[in-house]
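Just so you know, all these numbers are worked out from the coordinates, no wet-lab data involved. Keep in mind the model is a prediction, meaning the values are calculated, not measured. All Cβ positions, even for glycine, are placed from backbone atoms using ideal geometry, and neighbour counts span all protein chains on display.
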């Protein structure tokens, strides 16, 4: 979906733009239909248009064919990346940058017309402030977002500019025009002998959406799967839920590792199935949600049975492992608790918030705002541990929400907070979009949304409310690891869940109820961060998964 609006044409608001230059005069211009999952290369000096008032973005008459039959309404983005940023080797289209938030601006476009400029000026929604306040040298790209069937501004069918270098300086006004010259294409799926792509139309999801919805997976095959003389014909499965922004195409990396000589002595020998967690509104988490549809039900009732038939998988719970990191860690934990009869084991690392009273650095039940605490101190969202007991905050919740507002003012950006709303909120009948949990300008929390919708997905609260159902599953089937210095403060929620399980276990045992000892655990690992925990967890879990499969599937 998009937010319609009025076309801004030749606005007269100027800002301090000192100079504009091509990023590289040596690189050729990318053809208009070049395959691109990422961004186009820098422009050449020959393609730089005449300077105009303020930043004007145009689709040149010569590139009119890029429009095709796709919608001409949407949103125009101007994405910038400072040359002195730690992410300076990236492209502006890789935004948003959590480690170093960068300027971005957007305006609605009712109809993009070849040769007619769309102006990014004082009326643009912007981060961190008005475009006229910028200073310094930036890499820049413009993107016309009109594909709302996939998440993000880099989706196929959107139009983009080539990379340019802009230098802003107060007190001097120059003018620049940026042409859209590239139609983004879906990247080709990689091929490998032990890699398969599988997809099917889901009747459950299609019925809920009123349109065809396809489920996809990348399947990485272990040694011997295609050998008719191999000692086994049926295989266990490891279901991988990628983290935020990950796709089913991540299976290619797993297939490469499985094909590496000697890997069979290290990696669990199973069919690795990488699921696709993406919808237009972001990571769907494999929950049955009002906005995204019944993805959990569709997975266990339709997709897994189809995969088992196609890839000779053992159709028993003990032969199914579910795993993931970050958003995938939350999803894998949710699936194990929601469908304990389907999955035999869960390996979850650094999951998204699992206790909403410790939601990253805040408390959704007690706080008035997600932006700041009761004393008005800005609440951090992303940190970089520097030395023991000292962290550097790189992004606040206010920053994160402001960037999402630029990318999707209707709260349909598909980025993290908007994606959580799509997972956990009811749908507003007036907008047909998820009800936001907080006001994007003030940060004020809507307690009704938290109480009536989001709280149902608070895993720690569910453990406290129904310990007889959840505690045995956690003790028998769940291995959960999180860094004690998680970059997104997810360690707080994991500690809350650990406390909830310990309290519930003690209360149950005090009543004489026998609880399984089991191999399950919830551990906070000292000094590990969000990124380092992903690597450390898999090094540990390779051993534990192999032992599990040997004990349960005669591997």
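Points worth noting:
- Efficiency of FRET between residue 256 and residue 99 - r from beta-carbon atoms, R0 22 angstrom, step 0.05: 0.25
- Sequence of 404, 523, 415 once ranked by neighbouring C-beta atoms within 10 Å, starting from the fewest: 523, 404, 415
- Between 0 and 90 degrees, the angle of helix 490-510 with respect to the longest Cα principal axis of the chain falls at about 20 degrees.
- Placing R0 at 25 angstrom, the Cβ-Cβ distance between residue 83 and residue 393 gives a FRET efficiency of 0.65 after rounding to 0.05.
- Neighbour-count ranking [beta-carbon atoms within 10 angstrom, fewest first] of 470, 148: 148, 470
- Mean Cα-pair separation over length for the range 358-457, i.e. relative contact order, pairs under 8 Å, 6 or more apart, %: 23
- With a Förster radius of 45 Å applied to the C-beta separation of residue 550 and residue 201, the computed FRET efficiency comes to 0.75.
- Residue 536 paired with residue 469, simple spin-label distance in nm, labels 7 Å along Cα-to-beta-carbon: 3.4
- Taking 0.36 nm per residue of separation and subtracting the current Cα-Cα distance, fully stretching the chain between residue 476 and residue 499 would add 6.6 nm.
- Stokes-Einstein D in µm²/s, Kirkwood radius over Cα pairs - the range 139-227 at 20 °C with 1.002 mPa s viscosity: 122
- Entry note, the chain: relative contact order of 13 percent, from Cα contacts under 8 Å with a spacing of 6+ residues.
- Shape category assigned to the range 290-352 from the gyration tensor of Cα positions, a/c cut at 1.5: oblate
- Whole-number percent relative contact order across the range 172-285, with pairs defined as alpha carbons under 8 Å at least 6 apart: 28
- Acute angle (nearest 10 degrees) that the helix 327-338 long axis makes with the longest principal axis of the chain, alpha-carbon atoms: 40
- Counting all C-alpha pairs of the range 74-193, share separated by more than 21 Å (%): 40
- Tilt relative to the chain, helix 530-553 - C-alpha long axis, 0 to 90 degrees, to 10: 30
- Zone of residue 386's modelled label, taken as backbone nitrogen in the range 56-87 under 20 Å from a point 7 Å along Cα→Cβ: 84-87
- Once the gyration tensor of the Cα atoms in the chain is diagonalised, the equivalent ellipsoid follows with semi-axes of 43, 28, 21 Å, ordered largest first.
- For q = 0.15, 0.17 Å⁻¹, Debye-computed log10 I/I(0) when each Cα of the range 218-308 counts as one equal scatterer: -0.64, -0.78
- Whole-angstrom gap from the range 305-378 to the range 407-459, using each part's C-alpha centre: 18
- Taking 10 °C and 1.306 mPa s as conditions, the range 104-261 diffuses translationally at an estimated 78 µm²/s according to Stokes-Einstein applied to its Kirkwood radius (Cα pairs).
- Per-residue [θ]222 nm for the chain (sum of -39500 (n - 2.57) over DSSP H runs n ≥ 4, rounded to 500): -7000 deg cm²/dmol
- The range 524-551-the range 147-222 distance, computed between alpha-carbon centres (Å): 31
- Cα-Cα separations in the range 358-457 greater than 25 Å, expressed as whole percent: 19
- Estimated distance in nm for a label pair at residue 70 and residue 374, the labels positioned 7 Å out from Cα along Cα-to-Cβ: 5.0
- Listed from fewest to most Cβ neighbours within 10 Å, the set 323, 396, 54 follows the order 396, 54, 323.
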